[in-house]
1. Could you please find all residues in the stretch 53-79 being out of contact with any strand residue (DSSP E or B) (no Cβ under 8 Å at 6 or more places or on another chain) and within 14 Å of the ligand (Cβ to nearest atom)?
2. Among the numbered criteria (1) within 15 Å of the ligand (Cβ to nearest atom); (2) at pLDDT below 95, which single criterion is violated by Gln3?
Amino acid sequence: MAQTWQNKEYDLHETYESLDLAIDAVNNFSEKWTRGCTRKTQEGEKRFYTCRKQCPKRLYILLNNEDHKVSIHISNDQHENHDNKIIEACFEMIEG
Ligand SMILES: [Zn+2]
């Protein structure tokens, strides 16, 4: 589990003056994000968030040790599995 989070490629999304502002930004994204694990790194504390249950997209909030800025980094995965219900609804039985 830890490996998947670490192996992803993340792009810097935006930098904020405080953790509260960064958390507000995550809460205001159009997608819903769920708080995941927290990791202490040399750069600073990383708070990971996951998109919906089966979706591979992740983001983390970095609390930078050096300049005390807070930044959001988003993985470059595509959103997936948001439309499972629609796929199921399209399933039809074909009778011969
Ligand atoms: Zn997603």
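1. Of everything in the stretch 53-79, those that are out of contact with any strand residue (DSSP E or B) (no Cβ under 8 Å at 6 or more places or on another chain) and within 14 Å of the ligand (Cβ to nearest atom) turn out to be Lys53, Gln54, Cys55, Gln78, His79.
2. (1)
The values are calculated or read from the model by the stated rules, or taken from the named source; none is laboratory data. None of the values given here were measured: they were computed from a predicted structure. Cβ atoms come from the backbone with ideal geometry, glycine included; neighbour counts cover every protein chain shown.
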